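Enquirer: After the structure tokens below, expect a handful of questions from me.
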Amino acid sequence: MADVLVRTAPRDLAAELPARLSLTPKTSLAGQLDGAWWPYSRDLEAELPPLAAAVEDTWGRVTRVTVNPARWPVVPRTVAVDGRALHVGWFTEQHPDKLILLSYTVGRWDLLVIPPETAPAAAARLMAAAALPGSVLTAGVLLANEAAIGRGIADARRREAAWEEEGGAWVSPFGDPMGRSPLALPANTWR
């Protein structure tokens, strides 16, 4: 019984929550991406209806979506959206972290797909970067940049933890203690 609840939880969650979406403002500057989408799960049937509803107010009716199957365990042929069928296609040539939305009347929009497991701070940075008008950065470049930023943050935290663990002791640029105590000893003498 718990198995069934675990499988349906992402679909229920996605249906109740609004799409996490950041769109490029309407300008004459064309960029590589038209925004970013941060789904709650890897379930396209659950995630696409809120996305389509969110963009239809701004862009018009979405009729087709394309994805790369490398990031989606199941790619359905159609997804029900407000009583109609949204067609879903897949192409291995498409970047795995990009979703393409198509409309018969308005055109095409390319969105960066931020992995569901991404930390909120990283997702916020990616959503802001993908929505910059006229940006030449692709989905792959944005995600690679964020990975580098994440490694830098982790290294800084590791260095800070080492500093705290050592009591904030003075260390030479070569990593050797400088023979000083961080606190003055009695009688105002240093070791």
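Enquirer: Report yes if residue 189 is open to solvent by 60 Å² or more (accessible area, probe 1.4 Å), of a type outside the set (D, E, K, R) and modelled with pLDDT of 90 or more, otherwise no.
Expert: no
Enquirer: Within the group 76, 116, which residue is surrounded by 14 or more Cβ atoms within 10 Å (Cβ to Cβ) and farther than 19 Å from residue 19 by Cα?
Expert: 76
Enquirer: Within segment 26-46, work out how many residues are open to solvent by 70 Å² or more (accessible area, probe 1.4 Å) and either at pLDDT 80 or above or over 21 Å from residue 127 (Cα atoms) (or both).
Expert: Qualifying residue count, segment 26-46: 2.
Enquirer: Let me ask you something else. Look at segment 119-154 and say how many of its residues are surrounded by fewer than 16 Cβ atoms within 10 Å (Cβ to Cβ) and of a type in the set (Lys, Arg).
Expert: So the count comes out to 1.
Enquirer: Restricted to segment 28-51, and to residues that are hydrophobic (A, V, I, L, M, F, W, C) and assigned to a loop (DSSP other than H, G, I, E, B), which residue is farthest from residue 65 (Cα to Cα)?
Expert: Once the filter is applied, the top-ranked residue is 29.
Enquirer: Another question about this same structure. Out of 69, 96, report the one residue that is within 17 Å of the chain's Cα centre (by Cα), free of Cβ contacts under 8 Å to residues at least 60 places away in the same chain, open to solvent by less than 50 Å² (accessible area, probe 1.4 Å) and under 17 Å from residue 42 (Cα atoms).
Expert: 96
The values are calculated or read from the model by the stated rules, or taken from the named source; none is laboratory data. Keep in mind that what you see is a predicted model, and the values were worked out from it rather than measured. Every residue, glycine as well, gets a Cβ built from its backbone with ideal geometry; the counts of neighbours run over all protein chains shown. Note: accessible area is taken over every heavy atom of the protein model, side chains too, but ligands, DNA and RNA are not part of it. Shrake-Rupley method; radii C 1.70, N 1.55, O 1.52, S 1.80 Å.
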